[in-house]
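Inspection log for the structure reproduced underneath, given as structure tokens.
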Amino acid sequence: MKYIITILTLVLIGISCTEIEYNVDPIFEPYVEDFTEEARKNGLDIDLREEGITIELSDVAQVDVSGRCFTGLNQRRIVINKAAWLGGFEDFKRRLMFHELGHCVLGRGHRNEKFSNGIWKSSMHGSPLTEEELRTAIPYYGFRKAYYDAELFDETIPDPDWANATFDINEVDEQQKEMIVEEQEINRFSKVFSQDIEDYEIHTSFFFEHELPNLTALLWESDMAKYQLRMGNGLYYLVVSDDENTEWSIFGGINAVNFSNASKVSLTIRRQDDLEKLFINDKFIFHFDALPGSLKTVRFDSTLGNNRFNENLHIEEFSISRLTR
Ligand SMILES: [Zn+2]
């Protein structure tokens with residue numbers, strides 16, 4: 001009997017320590033509301049004020065992660081790394097908060113499956129990850145965001161159309177291209193346009209005379225957004241900056257481009273049919289939201305450490321064409 005009473009006492013103490021409470025730092029409120037709204041759209045009625053949750057900022061740097069979810073008896077607590085949050089931008093914050101709420105509220109674990117084209121199936125991907133997977137960006141951006149938001153609430157949803165979309169480099173023929181600029185045998189390229197350029201093709205073929213640690217970037221931008229393809233040290237990333245995002249990697253990872261000595265690479269970027277399409281060595285790689293606005297600046301160059309210009313970049317050809325229908 002005494003034994004039973006002791007257990008009961010412990011249980012009662014346990015419950016009294018973890019009574020349901022709602023304790024969310026006001027900076028997270030909009031994201032929590034956004035989450036419950038998305039849940040409602042997906043047929044889930046979640047009232048976190050009633051169910052209780054604690055979401056707080058922490059100064060304690062967590063190894064490799066920006067947030068963490070802790071659960072226990074009647075307890076759900078999300079801790080967000082302060083530095084990561086304050087340095088973050090809109091889509092990053094939304095994805096981070098939705099991921100942690102996915103753990104803490106929806107009870108989801110990590111899902112590390114990929115579509116056949118190598119793109120993550122879920123924004124709930126996470127440890128354990130290989131070194132390569134850690135570096136594989138998730139395209140939480142533009143038209144793909146809605147899928148990831150919906151998948152959070154239902155991991156059985158069908159693959160989105162874009163999972164298997166593919167485009168042919170030859171779908172545009174030469175007559176549709178009206179050349180605006182063409183340069184050959186250069187080390188860097190830079191051009192600012194004053195005329196309106198709607199659909200376009202940016203094309204280059206290049207190689208490195210010697211392989212050196214470097215950052216090589218193809219940048220193309222309008223007044224509204226900046227797109228960049230960054231390559232170096234065996235990695236390549238497609239990076240977006242716009243009103244809502246600051247240097248957000250939406251695609252890329254390891255080993256997509258062979259930069260070994262004198263191995264020629266060609267890049268083709270097209271804005272067409274409201275899409276931006278990337279081809280590497282004439283092979284379709286990725287499509288994403290069209291650059292908003294008229295093309296204003298295109299730059300392609302390579303730098304060594306300390307921003308020193310890398311003359312090793314041998315651009316055989318660089319051209320920009322206007323595309324007509
Ligand atoms: Zn996680």
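The values are calculated or read from the model by the stated rules, or taken from the named source; none is laboratory data. Quantities reported herein were computed from a predicted structural model and do not represent experimental measurements. Positions of Cβ are backbone-derived with ideal geometry, glycine not excepted, and every protein chain shown enters the neighbour counts. When the accessible area is computed, the model is the full protein with side chains, heavy atoms only, and any ligands, DNA or RNA have been set aside. Shrake-Rupley method; radii C 1.70, N 1.55, O 1.52, S 1.80 Å.
Only residues that are more than 16 Å from Gly102 (Cβ to Cβ) and part of a helix (DSSP H, G or I) were counted across the range 41-51, and they come to 2. Just one of the listed residues (Lys177, Lys121) is charged (D, E, K, R), at pLDDT 95 or above and more than 24 Å from the chain's Cα centre (by Cα), namely Lys177. Residue pairs whose Cβ atoms lie under 8 Å apart, separated by 6 or more positions or on different chains, with the first residue in the range 84-101 and surrounded by fewer than 17 Cβ atoms within 10 Å (Cβ to Cβ) and the second of a type in the set (Val, Ile, Thr), are Phe89/Thr246. Considered as a group, the residues in the range 273-288 that are of a type in the set (D, E, K, R) and outside any strand (DSSP E or B) include one that is surrounded by the fewest Cβ atoms within 10 Å (Cβ to Cβ), and that residue is Asp274.
For the range 55-100, the set of residues classified as part of a loop (DSSP other than H, G, I, E, B) and away from the ligand (no atom under 15 Å from the Cβ) consists of Asp59, Val60, Ala61, Leu73, Asn74, Gly87, Gly88, Phe89, listed by residue number.
Looking at His203, His210, just one residue is farther than 29 Å from Tyr147 by Cα and part of a loop (DSSP other than H, G, I, E, B), and that residue is His210.
Note on the range 185-202: residues that are within 11 Å of Val298 (Cβ to Cβ) and surrounded by fewer than 18 Cβ atoms within 10 Å (Cβ to Cβ) total 4.
Scanning the range 101-142 for residues that are among the basic types (Lys, Arg) and within 12 Å of the ligand (Cβ to nearest atom) gives Arg108, Arg111.
Residues in the range 128-156 that are open to solvent by 40 Å² or more (accessible area, probe 1.4 Å) and not in a helix (DSSP H, G or I): Pro128, Leu129, Thr130, Arg135, Asp154, Glu155, Thr156.
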